[in-house]
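Please read the structure below before turning to the comments.
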Amino acid sequence: MLERIRKEISGIREHIDGKCVAVQVPEGLKQYSAEIMDALRRNGAREVFLFIDPNFGACDLKDREARGLGADVLIHFGHNRFGRITETEIPVIYIPITLELDVKKTISVLQEINGRIALCTTVQYLPYLNEIKKLLGDKIVIGKGVLATEDGQVLGCDPGACNVEADVNVIITDGIFHGILAKMQTGRKTYILTPAGKLIDVEPHVERYLRQRETAKILARDAKRVGVVITTKRGQMYTDVAERIAEIIRNAGTDADILVCDYFYPEYVEGMPYDAYVFTGCPRVPIDDYTRFKKPVLTVAEAMEVWGR
């Protein structure tokens, strides 16, 4: 991995030589932080600022903060460009890191699946899709999402690459979340195929997810005051949506306030006078962090179900 990172940095030397550089890295690359900063300086960077905040995607771009630090360029490791961000305050260099995939094992598993496959993956395995498509031909269908910038790429907020004519969805990734969204959006059989070649049916996970979300909605219906949360993250800030949701909740006879944060953590709202929250940013927050919050946290779509009738 380190050698790969160093090679990527060497390839952008002309863009960083003599410049002040800001850097964002995902959690999985933080262990290489010192080596990344050393490599940037070896390749001519005058100074390097490393953001240590959690970073889960290119929707959380720190170009405004980087400019405030006096940086000339921002290097964003681990992701590619997010479709909703078309302009930045300083130049941004995206360096998605490709992880190893057992292509032979992957092909073998896919061949055992009946019908045409809508094949998708996260950014870490995107370079393998064309090779797989070439080997399996028309059995593989590769679509494109709305917010993702590459064919076949799924995001936590956008499983749209699965919206193609196919019999089954297969998503090459480590986690279950993308598969749950793809199953719910398309309604067809969906599998997660891990990089090690393990095929996982998401159906039991979808059933558990639906029970969890139904519980959250039931609890939210009894709320007397709701916090509608806006995140200031570049690609997730939907102020107009928050205002509209707050108005809908008020019209339904429930008090609602608009709250603002960068990261939405349970400890930030500990002791606040709200019985439920609606998070207008990444839908993974109310879903993945559900058990960490003492009060129900809904997505925008769920809020519409509860108060929009």
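The values are calculated or read from the model by the stated rules, or taken from the named source; none is laboratory data. Remember, it's a predicted structure, so these values are computed and weren't measured experimentally. Don't worry about glycine lacking a Cβ; one is built from the backbone with ideal geometry, like all the others, and counts go over all protein chains shown.
Key figures
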| read-out | value |
| --- | --- |
| Qualifying residue in the stretch 78-94 (condition: among the aliphatic types (A, V, I, L, M), assigned to a helix (DSSP H, G or I) and farther than 30 Å from Pro195 by Cα) | no |
| Test: residue in the stretch 114-136 that is surrounded by 14 or more Cβ atoms within 10 Å (Cβ to Cβ), among the basic types (Lys, Arg), over 29 Å from Ile97 (Cβ atoms) and touching an Asp or Glu at 6+ places or on another chain (Cβ under 7 Å) | yes |
| Selected residue (criterion: surrounded by the fewest Cβ atoms within 10 Å (Cβ to Cβ)) from residues of the stretch 35-63 that are among the aliphatic types (A, V, I, L, M) and more than 16 Å from the chain's Cα centre (by Cα) | Ile52 |
| The stretch 5-34, residues that are assigned to a loop (DSSP other than H, G, I, E, B) and either of a type in the set (Gly, Ala, Ser) or under 20 Å from Asn55 (Cβ atoms) (or both) | Gly11, Ile12, Gly18, Val25, Pro26 |
| Failed item, numbered, when Glu150 is tested on (1) surrounded by fewer than 16 Cβ atoms within 10 Å (Cβ to Cβ); (2) of a type outside the set (Val, Ile, Thr); (3) at pLDDT below 95 | (1) |
| Check on Val73, within 25 Å of Gly11 (Cβ to Cβ), buried (at least 18 other Cβ atoms within 10 Å of the Cβ) and within 20 Å of the chain's Cα centre (by Cα) | no |
| Those residues of the stretch 227-244 which are modelled with pLDDT under 95 and small (Gly, Ala, Ser), in sequence order | Gly235 |
| Answer from Thr88, Thr98, Thr106 - the residue that is among the β-branched types (Val, Ile, Thr), surrounded by 14 or more Cβ atoms within 10 Å (Cβ to Cβ) and within 30 Å of Met237 (Cα to Cα) | Thr88 |
| Some residue of the stretch 195-213 being in contact with a Pro (Cβ under 9 Å, 6 or more places away or on another chain), part of a helix (DSSP H, G or I) and within 30 Å of Glu247 (Cα to Cα) | yes |
| Criterion violated by Ala220 - all others in (1) buried (at least 22 other Cβ atoms within 10 Å of the Cβ); (2) not in a helix (DSSP H, G or I) satisfied | (2) |
| Selection count, the stretch 282-294, where residues are without any contact (Cβ under 8 Å) to a residue 60 or more places away in the chain and buried (at least 18 other Cβ atoms within 10 Å of the Cβ) | 2 |
| Tabulated pairs, the stretch 61-75, first free of Cβ contacts under 8 Å to residues at least 40 places away in the same chain, second of a type outside the set (Asp, Glu) and assigned to a loop (DSSP other than H, G, I, E, B), C-beta under 7 angstrom, 6+ apart or interchain | Arg67/Ile90 |
| Condition check for Ala66: buried (at least 18 other Cβ atoms within 10 Å of the Cβ) and part of a helix (DSSP H, G or I) | yes |
| Matching entry among Arg13, Arg81, Arg41, Arg67 (being of a type in the set (D, E, K, R) and in contact with a Ser or Thr (Cβ under 8 Å, 6 or more places away or on another chain)) | Arg81 |
| Test: residue in the stretch 230-251 that is in a strand (DSSP E or B), hydrophobic (A, V, I, L, M, F, W, C) and over 30 Å from Asp167 (Cβ atoms) | yes |
| Residue list for the stretch 257-309, filter: among the β-branched types (Val, Ile, Thr), modelled with pLDDT under 95, under 22 Å from Cys157 (Cα atoms) and over 18 Å from the mean Cα position of the chain (by Cα) | Thr291 |
